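Presented below is the structure to which this report refers.
The values are calculated or read from the model by the stated rules, or taken from the named source; none is laboratory data. Fair warning: this is a prediction, and the values are worked out from it, not measured in the lab. Neighbour counts are summed over all protein chains in view; Cβ atoms, including those assigned to glycine, are modelled from backbone coordinates with ideal geometry. Just so you know, the surface numbers come from the protein's heavy atoms only, side chains and all, with ligands and any DNA or RNA stripped out. Shrake-Rupley method; radii C 1.70, N 1.55, O 1.52, S 1.80 Å.
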Amino acid sequence: MDKFIDIQNAEMVFHTKKGTFHALRDINLDVRKGEFITLIGHSGCGKSTLLNLIAGLLQASAGALLCANREIAGPSPERAVVFQNHSLLPWLTCYENVYLAVERVFGRGESKARLRERTKEALALVGLGHAEQKRPHEISGGMKQRVGIARALSMEPKVLLMDEPFGALDALTRAHLQDELLKIVAKTQSTVVMVTHDVDEAVLLSDRIVMMTNGPAATIGDIVEVRLGRPRDRVALAHDPLYIEYRSAVLEFLYHRQAHPAMKDAA
Ligand SMILES: Nc1ncnc2c1ncn2[C@@H]1O[C@H](COP(=O)(O)OP(=O)(O)OP(=O)(O)O)[C@@H](O)[C@H]1O
Ligand SMILES: [Mg+2]
């Protein structure tokens, strides 16, 4: 197996004014090249923390994290991140937001014409060629999120990391972007690690669903391997017995085996 991301015995302890907080313990995970992984678990279990460790935005307190056989020592364009709140620069157009990233990664070695071409290609990939001269306040939430994805993909990352990228969108826009993401990933063969709260999103998109236990000291509780063929069609899948089985397995984990502490109190 081609271990592209390799996480061995990772621990995350936060040191705060109120003391230490053991967020993650004993995280072991390998991700293959071209694999689509989702991280799912209740709020506060440590999904973003784990994603940020892979991004290099946080440093693990113990253990090892490798990407393409090199230690993850900090953020890098080889591991591009898409956040929930799209984080575009409001004073720049969609085109300029993407161009900035392209220039940072390829600016030293490539001509201006090639950088412009890369920017346009990335925007076209997410279907935003027509909106490149608009500024973030002039476009919808779904479009902003697509610019965020275009910006990430424009850097030709080895890994695409996404933290609830569709969390703030309405259900229809979300479904549309999930379908687009499936097509883009099929085309670019990207390796993806994505955080989600949404069970259907996890089953639809993933090769494997990594389910996390509740914190403190959260860890990987179980992994569901999703053996559904690709391309995947959400309408056809709704009646597919295998799809229903995977969905039930995740629900069973989240609501029986790892019921949220608040829900246990209420019971
Ligand atoms: N910088 C920090 N300092 C101290 N504690 C932190 C820090 N970042 C996260 N935590 C704690 O670590 C735990 C995991 O947080 P994290 O944001 O990773 O959860 P999450 O699974 O992404 O939650 P959500 O689904 O609500 O986004 C939480 O208890 C959180 O309070
Ligand atoms: Mg989070």
- [ ] Name the one entry in Leu153, Leu177, Leu182 that is more than 26 Å from Ile7 (Cβ to Cβ) and within 14 Å of the chain's Cα centre (by Cα).
- [x] Leu177
Task: Hey, Phe83 within 12 Å of ligand 1 (Cβ to nearest atom), over 24 Å from Val126 (Cβ atoms) and not charged (D, E, K, R) or not - done: no
Task: In the range 24-42, the residues that are open to solvent by less than 10 Å² (accessible area, probe 1.4 Å) and of a type in the set (Gly, Ala, Ser) - done: Gly41
Open item on the list: Just the residues that are touching a residue at least 12 places away in the same chain (Cβ under 8 Å) and surrounded by 14 or more Cβ atoms within 10 Å (Cβ to Cβ), please, taken from the range 104-115.
Closed with: Val105, Phe106, Leu115
- [ ] For Ala68, work out the one condition from (1) open to solvent by 10 Å² or more (accessible area, probe 1.4 Å); (2) within 15 Å of ligand 1 (Cβ to nearest atom) it doesn't fulfil.
- [x] (2)
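Do we find that Lys18 is open to solvent by 50 Å² or more (accessible area, probe 1.4 Å), more than 15 Å from ligand 1 (Cβ to nearest atom) and not polar (S, T, N, Q) in this structure? Before you say what the answer is, go through the steps one by one.
On the way: open to solvent by 50 Å² or more (accessible area, probe 1.4 Å): yes; more than 15 Å from ligand 1 (Cβ to nearest atom): no; not polar (S, T, N, Q): yes.
Criteria not met by Lys18.
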TODO: Scan the range 109-127 for residues that are over 15 Å from His176 (Cβ atoms) and part of a loop (DSSP other than H, G, I, E, B) and jot them down.
DONE: Gly109, Glu110, Ser111
TODO: Quickly run through the range 103-123 and pick out the residues that are in contact with an Asp or Glu (Cβ under 9 Å, 6 or more places away or on another chain), of a type in the set (A, V, I, L, M) and within 25 Å of Glu164 (Cα to Cα).
DONE: Val105, Leu123
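Tell me which strands (runs of 3 or more DSSP E) are completely within the range 149-267 and hold 2 or more residues being under 30 Å from Gly129 (Cα atoms), among the hydrophobic types (A, V, I, L, M, F, W, C) and away from ligand 2 (no atom under 16 Å from the Cβ), or say none if there are none. Spell out how you get there, then give the answer.
Details: elements: 159-163, 191-195, 208-212, 220-225.
Answer list for the range 149-267: 159-163.
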Open item on the list: Given the condition closer than 22 Å to Arg247 by Cα and away from ligand 1 (no atom under 16 Å from the Cβ), answer yes or no: does some residue in the range 131-144 qualify?
Closed with: no
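In this structure, is Ala249 modelled with pLDDT of 95 or more and more than 30 Å from Glu117 (Cα to Cα)? Even if it seems obvious, please write down each step before you answer.
Values: modelled with pLDDT of 95 or more: yes; more than 30 Å from Glu117 (Cα to Cα): yes.
Yes; evaluated as a whole, the condition is true for this residue.
Has the range 199-214 got any residue that is open to solvent by 10 Å² or more (accessible area, probe 1.4 Å) and either at pLDDT below 90 or within 29 Å of Glu117 (Cβ to Cβ) (or both)? Give the derivation first.
The initial filter retains those residues of the range 199-214 that are open to solvent by 10 Å² or more (accessible area, probe 1.4 Å), namely 199-200, 207-208, 213-214.
Subsequent filtering for residues that are either at pLDDT below 90 or within 29 Å of Glu117 (Cβ to Cβ) (or both) retains none.
The answer is no; no qualifying residue exists.
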Open item on the list: Residue under question is Gly34, and the condition is that it be in contact (Cβ under 8 Å) with a residue 12 or more places away in the chain, within 9 Å of ligand 1 (Cβ to nearest atom) and among the small types (Gly, Ala, Ser); does it hold?
Closed with: no
Open item on the list: Quick check on the range 128-148: of everything there that is open to solvent by less than 40 Å² (accessible area, probe 1.4 Å) and assigned to a loop (DSSP other than H, G, I, E, B), which residue is nearest to Asp179 (Cα to Cα)?
Closed with: Leu128
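Being buried (at least 18 other Cβ atoms within 10 Å of the Cβ) and more than 16 Å from Asp198 (Cβ to Cβ) is the filter here; which residues of the range 220-233 pass it? Quick ask: steps written out before the conclusion?
First, pick out the residues of the range 220-233 that are buried (at least 18 other Cβ atoms within 10 Å of the Cβ): 220, 224, 226, 232.
Within the range 220-233, Ile220 is the sole residue that qualifies.
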Task: Filtered residues of the range 47-91 (kept if within 16 Å of ligand 2 (Cβ to nearest atom) and among the hydroxyl-bearing types (Ser, Thr, Tyr)) - done: Ser48, Thr49, Ser87
